Structures are given as structure tokens and as C-alpha cells.
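**Student:** Take this structure first; my questions come after.
The values are calculated or read from the model by the stated rules, or taken from the named source; none is laboratory data. These figures come from a predicted structure and were not determined experimentally. Neighbour counts are summed over all protein chains in view; Cβ atoms, including those assigned to glycine, are modelled from backbone coordinates with ideal geometry. All accessible areas refer to the heavy atoms of the entire protein, side chains included, with ligands and DNA or RNA removed. Shrake-Rupley method; radii C 1.70, N 1.55, O 1.52, S 1.80 Å.
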Amino acid sequence: MTDPNEQPAASAAASLTLAEVTALFSRRALWSSWLEVEAALAETQAELGIVPAAAAAEICANAELDILGEAALAADIERTRAPVVSLVRLLAAACAGDAGGYVHWGATTQNVMQTGLALQMQRAHAGLMARFDAVLRQLASLAETHAETLTVARTNLRHALPITFGFKAAGWIEEWLRHRDRFAEAAPRVFRAQWGGAVGAMHAVGAAGPELNRRLAARLSLGHYTVPSRAALDCTAEYALLLALVSGTVSKIARDLYTMMADEFGEAAEALDADVVGSSTMPHKVNPKSVVRVLALAARVRAQVPLALEAMQPGFEGDGANNLMIGALAGEACPLGFELLDRFAALLDELDLDPARMAANVAINGPLLASENLMMALAPTIGRTRAHDLVHHAVAEAVADGRPLANTILASPDVAGVPAATIHASLDPAGYVGLSAGLAREMAGRAFGVLAGGTVD
């Protein structure tokens with residue numbers, strides 16, 4: 001199946017770089033997001049007749065960091081140790097006439113900070129999902145290309161049954177799609193404006209509060225809280241947990257690939273340039289580069305979870321310590337999550353699979369891998385339990401004697417009624433891959449469909 005969504009992505013989010021995502025959480029971006037909130041607040045209050053329209057226009061015209069002066073704002077914050085107070089002072093001073101008196105009307109510091117943080121996270125999330133879907137496309141291509149590439153399933157690190165590599169990738173795809181659903185379901189909860197005044201009960205604006213709350217959020221393309229409690233930090237914590245879940249899946253896939261790169265496996269490698277050096281002391285050694293970086297990044301993403309669970313527990317109606325935790329969490333976790341997916345996409349792009357080595361590893365146990373198939377071929381004649389015991393002992397005997405399993409089984413009087421051709425055919429591992437190929441193609445098609453704008457069944 002051809003990927004119907006192969007054309008270059010048009011959205012700006014699709015082209016975001018790690019540096020740009022990291023910059024979304026810089027000091028300048030943080031203060032700019034606060035000014036964006038202050039301007040939107042003034043515009044919304046003017047719509048509702050809470051502040052004069054002329055004052056709102058003047059506030060919006062001056063709500064730019066370059067107008068206030070980043071250095072001047074930093075110097076004032078150093079004096080006040082109250083960043084939003086300093087920002088409000090400078091913005092008010094920049095406004096003509098009495099317009100400055102309407103800056104930050106009825107708001108409190110945390111309204112501005114938390115809403116600004118939601119804006120930053122939402123913008124980073126758009127870039128993250130572009131990378132997320134790039135990985136989905138790569139997994140779909142793997143499943144489609146290797147739908148019939150014979151390999152071996154391993155459970156408890158031991159050979160289990162023959163499968164195809166495409167089937168293995170199909171399992172990754174379905175898990176990836178579950179993460180995609182989780183992000184889609186969580187986004188309306190996570191990216192919300194937080195406006196309700198000093199403690200969230202909208203004291204300063206009274207009955208107009210709920211409508212102001214709704215309209216402000218809509219103007220900023222955010223959701224809103226019915227009860228905009230400053231203590232409601234669970235949504236940001238949830239996002240960190242979602243990133244950690246994704247990192248777990250990335251680690252699982254990367255760990256399999258890492259193991260497959262070992263000399264004893266030899267089933268995968270990274271396609272590295274000839275000038276890449278693997279070891280400073282052993283010239284023959286070419287160590288994996290991308291996969292180890294992915295594993296390290298994934299661990300760092302998961303390490304954000306304890307902080308997330310601590311940060312979501314402010315006392316009473318708000319706590320400055322928890323506010324600092326949640327801001328630091330978002331500023332660390334969002335760029336880390338993006339970097340993880342960016343590096344994971346690079347790993348998949350460099351991945352060089354060796355189907356011949358996979359087939360050679362299947363041959364290590366060869367017919368033994370199809371022992372379940374032999375058991376099921378015998379079951380109609382002698383019963384499933386008896387067939388299991390017979391094959392189990394025959395495998396042990398064949399391994400001990402170095403004889404083919406088919407010969408050992410055929411020597412048993414219990415299988416006299418089963419044609420020898422049936423026994424030999426049942427022990428071909430390449431013929432016993434179950435529905436591997438079909439499931440690989442099904443999941444590849446489903447992934448390509450989602451990427452083309454469809455939904456997950």
C-alpha cells in the first residue's frame with residue numbers, strides 16, 4: 001500500500017525544530033505569553049463593557065515586549081521579585097491617558113502565568129504531534145515493507161514462534177495509535193485558560209465572570225475551567241504522564257532494536273557514515289549512536305513523573321512553590337518529549353534491517369519453532385493434551401540425540417495414522433507465521449488512513 005499522505009506538511013508545526021520548541025519556553029517567550037494574555041483580557045473585558053474599548057485598544061497596542069523593553073522588565077522584576085506585577089507596571093506606564101489603569105483588571109498573577117503556560121504548551125504540542133505522526137508513518141512503512149520478512153518472536157528472551165518483522169511493527173503501530181488517542185482526548189483538558197481572579201471565584205467582576213472566562217479562553221484558542229481554581233494543576237501533570245507513557249513505548253521499541261544490533265543477533269544496524277567512530281580504543285567496533293541517545297532521552301522524560309505528581313498537590317487554593325514546580329516541569333518535559341520523538345524518528349530513518357540474518361536466526365531452532373503446529377496437526381488424531389506431551393518429549397529427545405524432530409516423531413507408534421508428509425509440512429517455520437503478514441498490512445493501512453485524516457476504528 002502506498003502512503004497517501006506523502007506530500008510535505010504545510011503547517012508551521014510540522015517544520016518546528018528542537019531549538020524552536022525549546023525557545024517556546026525561553027524567558028522572552030514566557031513574558032511575551034503573559035503580555036498576550038493581558039491583551040486578550042483587555043479585549044474581552046471591552047467586549048463585555050467591563051473596561052473602555054479605547055483603553056483596551058491602547059493596552060493591546062503596547063502589549064509587546066519590545067515596547068516595554070526586555071532589559072527594563074528584567075531589572076524591575078529583580079527589584080519587585082513579582083514578575084507579573086513588574087510586567088503590569090511597565091505595560092500600564094506605556095499606555096497613554098488613563099488606559100494603563102485598566103491593565104490586569106480583576107486578574108491575579110497566577111491567572112496570567114498559568115494561561116501563558118497553557119499557550120506555550122499548546123504550541124509545543126503542535127510540533128510534538130507533527131513528529132509523532134512522522135514516527136507513525138515510519139512504523140507503517142516498516143510494517144508494510146516487512147509484512148512477510150521472516151523472523152522469530154522471543155518471549156523471556158527465548159525463541160517462541162515464527163512471525164514476520166512486519167507483525168512486530170504492527171504491534172508497535174497499534175500502541176502508537178493508542179497514544180495518539182490519549183493525546184487527542186487529553187488536549188481539551190490540558191490546554192485551558194485559567195482566569196478567575198485571586199482565588200478563582202471571580203470576586204472582582206462578579207456575575208460577568210463566567211462569560212469573561214469563556215470568551216477569554218476562546219479568544220486565546222484555549223479551553224476553560226468552570227471553576228478556575230489556582231490549585232488545579234493536575235492537567236499539566238497529566239500531560240507529563242502522557243509523555244512518559246509514550247517514552248515507555250519508545251524505550252520498548254528502541255530496546256528491541258538495540259538488542260537486535262548485538263553481534264550475536266545481527267538483525268539490525270544503524271546506517272552510519274563511514275567517518276563515524278565507534279570506539280576510541282577498538283578500531284573494529286562501531287557502536288550504535290542513535291538508539292542509545294533515544295534510550296537516555298526516554299528515561300529523562302519518565303523522570304519528570306515524580307515532579308508532576310508533586311507539583312499537582314498545592315495546598316488550599318494555591319501555593320507558590322507548586323506554581324514554580326509546574327512551570328519548571330512544562331519547560332523541561334515539553335522540549336524533552338519533542339527531542340525524544342525527533343531522535344526516535346532519526347533512528348527509524350537510519351535503521352538497516354537484515355532479513356537474511358533474521359532467517360538465519362530462525363534456522364537456529366528451525367523446525368522446533370513450529371512444534372505447536374505439529375501438535376495441532378496431531379491433535380485431531382490423538383487429542384490435544386496427548387499431542388502436546390508427545391511433541392514435548394520428542395523435542396527433548398531430538399535435541400539430546402541431534403536428530404531431526406520429524407524423524408523422532410515418526411518413530412512413535414502414536415502417530416501411525418498421521419501421514420509423514422503432514423508431519424514434515426507442519427514443521428516448516430516459514431509456513432507457520434499465523435496471520436503475521438495480514439495483520440502487518442492491516443495496521444499499516446490503518447496508520448496511513450489516520451495520517452490521511454481518517455479515524456482509528
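**Student:** Distance from the Cα centre of region 83-146 to that of region 340-370, in angstrom?
**Tutor:** 41
**Student:** Tell me the label-point distance for the pair A204, S26, using the 7 Å Cα-to-Cβ offset, in nm and rounded to one decimal.
**Tutor:** 3.0
**Student:** Rounding to the nearest 10 and keeping the result within 0 to 90°, find how far the Cα-based axis of helix 70-80 lies from the longest principal axis of the chain.
**Tutor:** 80
**Student:** For I382, I326, give the ranking by accessible area with the largest first, probe 1.4 Å. Don't skip to the answer; put the middle values down first.
**Tutor:** Working: I382 25, I326 5 Å².
Listed by decreasing accessible area, they come as I382, I326.
**Student:** Along the Cα→Cβ direction, 7 angstrom out, place labels at V276 and D389. What is the inter-label distance in nm?
**Tutor:** 5.4
**Student:** Okay, helix-only estimate at 222 nm for the chain: each DSSP H run of n ≥ 4 adds -39500 (n - 2.57), divide by all residues, round to 500 deg cm²/dmol; what do you get?
**Tutor:** Values: 19 runs with 286 residues, N = 457.
Dividing the helical sum by the residues of the chain leaves -20500 deg cm²/dmol.
**Student:** Return the FRET efficiency for the residue pair L18, N156: r is the Cβ-Cβ distance, R0 is 45 Å, and the value is rounded to the nearest 0.05.
**Tutor:** Calculated value: 0.75.
**Student:** Rounded to the nearest 0.05, what FRET efficiency do A53 and E317 give with R0 = 45 Å and r taken as the Cβ-Cβ distance? Could you check?
**Tutor:** Calculated value: 0.85.
**Student:** Using 12 Å as the cut-off for backbone N distance, which residues of region 33-55 belong to the label zone defined by a point 7 Å from the Cα of D98 along Cα→Cβ?
**Tutor:** Flagged as within label range: 52, 55.
**Student:** Rounding to the nearest 10 and keeping the result within 0 to 90°, find how far the Cα-based axis of helix 109-145 lies from the longest principal axis of the chain.
**Tutor:** Compared with the principal axis, the helix lies near 20 degrees.
**Student:** Which angle between 0 and 90 degrees, to the nearest 10, do you get for helix 290-302 versus the longest principal axis of the chain when only C-alpha atoms count?
**Tutor:** Here the helix axis deviates by roughly 50 degrees.
**Student:** Got the relative contact order for region 164-258 handy, in percent, Cα pairs under 8 Å and 6 or more residues apart?
**Tutor:** Here the relative contact order equals 34 percent.
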